[in-house]
Amino acid sequence: MDQSPFARRVSDDVFGYVQPDGSWWINNCGFVAAGDHTVVIDTCSTERRTRALLATAASTGGAPVTTVVNTHHHGDHTNGNYLAAGATIVGHRKTREVMVATGINTYENAFTGNDWGHLELRPPEVVFDDRLTVHAGDVRLELIHPGHAAHTTNDVLVWLPERRVLFVGDLIFNGGSPFALMGSPAGWRRALDLVRALEPETIVPGHGPVCGPEAIDVVDGYLGFLQKLAERGKAAGLTPLQAAREADLGPYEALSEQERLPANLHRAYAELDGLEWGAPIDLGAAIADMVAFNGAPIRCFS
């Protein structure tokens with residue numbers, strides 16, 4: 001029996017931990033109950049939320065959490081790592097590198113309303129480059145890096161092939177605007193081809209309700225729209241913020257977090273200038289444009 005309204009059974013002994021409403025800093029996680037131990041996929045942005053996740057995972061599975069897999073470095077998926085005492089944190093090599101280099105980022109000038117609690121930096125201790133297999137009892141978890149930048153430089157798919165379940169991290173925002181500032185629109189679209197090739201039946205997205213493969217095309221379509229908008233904006237001599245303010249979102253008007261558009265355009269413009277996928281850009285300027293587009297610091301509920 002599920003021990004939390006957030007825990008949703010997606011296969012035998014496999015649970016998605018879906019936190020409404022999936023907006024800024026409110027992510028989804030997951031866990032696999034392996035009998036004598038529990039494997040958790042991602043932690044949360046705040047102390048309170050992570051403690052609730054870990055308690056649910058341990059009580060539902062009836063066994064301690066021994067392993068945490070991070071799907072990428074962003075704080076809403078990693079800030080709570082340190083609370084998994086006694087567990088090993090597993091992630092991509094670049095996840096560790098970025099976390100060590102930048103520390104815990106809360107972007108206080110851009111966001112308001114978060115209740116962080118006490119946070120401590122804890123990057124992955126076990127890292128990999130391409131693929132790694134984790135066994136949780138009889139459940140096989142294939143950890144797959146797409147080989148290039150997508151949502152970030154260090155995205156990890158957690159694929160359960162025998163269950164046809166995919167924990168896709170933030171390669172899928174279900175109902176929310178994709179956020180490509182620290183990755184690559186072009187690389188993300190290529191990574192979605194990998195997601196399609198796996199042929200998952202159930203997808204646990206990084207944000208939003210559990211879904212099926214139909215969500216892939218929505219994200220892909222938005223990223224294609226973003227690329228075309230960037231081409232038109234640059235050709236017209238518009239800044240990313242100006243292009244965002246003039247944009248007609250069309251079928252993507254209903255997606256939440258529309259303030260991500262100018263930041264996404266900063267990345268799309270950089271790619272049009274020939275910058276490599278995921279290469280460093282001025283994050284501060286992009287985030288400032290996001291706040292300007294929103295008209296105020298972005299209200300959070302984490």
Subject >> Odd one out for Val10 among (1) assigned to a helix (DSSP H, G or I); (2) over 30 Å from Ala110 (Cα atoms); (3) open to solvent by 20 Å² or more (accessible area, probe 1.4 Å); (4) hydrophobic (A, V, I, L, M, F, W, C) >> reply: (1)
**OP:** Return the only residue of Pro124, Pro146, Pro178 being more than 30 Å from Pro262 (Cβ to Cβ), modelled with pLDDT of 95 or more, assigned to a loop (DSSP other than H, G, I, E, B) and within 17 Å of the chain's Cα centre (by Cα).
**Re:** Pro124
Original post:
Any idea how many residues of region 244-272 are outside any helix (DSSP H, G or I) and not hydroxyl-bearing (Ser, Thr, Tyr)?
Top reply: 9
Original post:
If you scan region 1-49, which residues turn out to be under 17 Å from Val65 (Cα atoms) and touching a Lys or Arg at 6+ places or on another chain (Cβ under 8 Å)?
Top reply: Asp2, Val14, Phe15, Gly16, Tyr17
Original post:
Looking at region 281-302, which of its residues are closer than 29 Å to Arg51 by Cβ and either assigned to a loop (DSSP other than H, G, I, E, B) or open to solvent by less than 30 Å² (accessible area, probe 1.4 Å) (or both)?
Top reply: Ile287, Pro297, Ile298, Cys300, Phe301, Ser302
Original post:
Going through region 130-161 one residue at a time, which ones are touching a Leu at 6+ places or on another chain (Cβ under 7 Å), under 19 Å from Arg196 (Cβ atoms) and buried (at least 16 other Cβ atoms within 10 Å of the Cβ)?
Top reply: Leu143, Ile144, Pro146, Ala150, His151, Asp155, Val156, Leu157, Val158, Trp159, Leu160
Original post:
Based on what the data block shows, is Lys234 touching a residue at least 12 places away in the same chain (Cβ under 8 Å), over 22 Å from the mean Cα position of the chain (by Cα) and in a helix (DSSP H, G or I)?
Top reply: yes
**OP:** For residues that are open to solvent by 60 Å² or more (accessible area, probe 1.4 Å) and of a type in the set (A, V, I, L, M, F, W, C), tally how many sit in region 228-280.
**Re:** 6
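Residues checked against (1) within 15 Å of the chain's Cα centre (by Cα); (2) at negative phi; (3) surrounded by fewer than 14 Cβ atoms within 10 Å (Cβ to Cβ); (4) hydrophobic (A, V, I, L, M, F, W, C):
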| position | (1), (2), (3), (4) |
| --- | --- |
| Ile41 | yes, yes, no, yes |
| Ala63 | no, yes, no, yes |
| Gly80 | yes, yes, no, no |
| Ala85 | no, yes, yes, yes |
| Ile89 | no, yes, no, yes |
| His92 | yes, yes, no, no |
| Gly113 | no, no, yes, no |
| Phe128 | no, yes, no, yes |
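The values are calculated or read from the model by the stated rules, or taken from the named source; none is laboratory data. Predicted model, so just to flag it, every value in this text is computed and none were measured. Heads up, the Cβs are rebuilt from the backbone with ideal geometry, glycines too, and the neighbour counts pull from every protein chain shown. Side chains are part of the model used for accessible areas, which takes the heavy atoms of the whole protein and leaves out ligands, DNA and RNA. Shrake-Rupley method; radii C 1.70, N 1.55, O 1.52, S 1.80 Å.
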